[in-house]
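**Q** I have a structure I would like to understand better, so I am pasting it below and will then ask my questions one at a time.
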Amino acid sequence: MYCLKLILNQPNFFREDTESQFLSLTPKPYLGQYENAMGAYKQAIRLKPDSVKAHLNLGMAFIKLGDRGSALEEFKILKQLDQESANQLFNLIYD
């Protein structure tokens, strides 16, 4: 829960642009701890299901953990929300 509060309290977390990458949104104590960050992103999505940043960052965390299937599910959601972010995640999945 602490991780979620840190993420949600960051300026512009719910802005619908794709400027910030996964590392800039992940609280410093959780860098490299993708499972913890993923829990926070999932909670953020429960609070705001159309959050482009939360879906993008969750997809990036799945990639870091080698779970391309789950990253693709986030890609499918992002296609409905923001094509540019969806393309960004797609490129990371197949990079």
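**Q** What do you reckon, is Leu4 modelled with pLDDT of 95 or more and either touching a Leu at 6+ places or on another chain (Cβ under 8 Å) or assigned to a helix (DSSP H, G or I) (or both)?
**A** When the stated conditions are applied, Leu4 does not pass them.
**Q** Which residues, taken from region 66-85, are surrounded by 21 or more Cβ atoms within 10 Å (Cβ to Cβ) and not in a helix (DSSP H, G or I)?
**A** Across region 66-85, there are no qualifying residues.
**Q** Report yes if some residue within region 25-42 is surrounded by fewer than 18 Cβ atoms within 10 Å (Cβ to Cβ) and at pLDDT 90 or above; otherwise report no.
**A** yes
**Q** Still on this structure: Can you tell me which residue in region 30-65 is nearest to Ala86 (Cα to Cα), limited to those that are hydrophobic (A, V, I, L, M, F, W, C) and not in a helix (DSSP H, G or I)?
**A** Leu65
**Q** Another question about this same structure. From the set of residues in region 74-90 that are over 12 Å from the mean Cα position of the chain (by Cα) and not hydrophobic (A, V, I, L, M, F, W, C), which is nearest to Lys53 (Cα to Cα)?
**A** Asp82
The values are calculated or read from the model by the stated rules, or taken from the named source; none is laboratory data. Computed from a predicted structure; not experimentally measured. Every residue, glycine among them, receives a Cβ derived from its backbone with ideal geometry; neighbour counts consider all protein chains shown.
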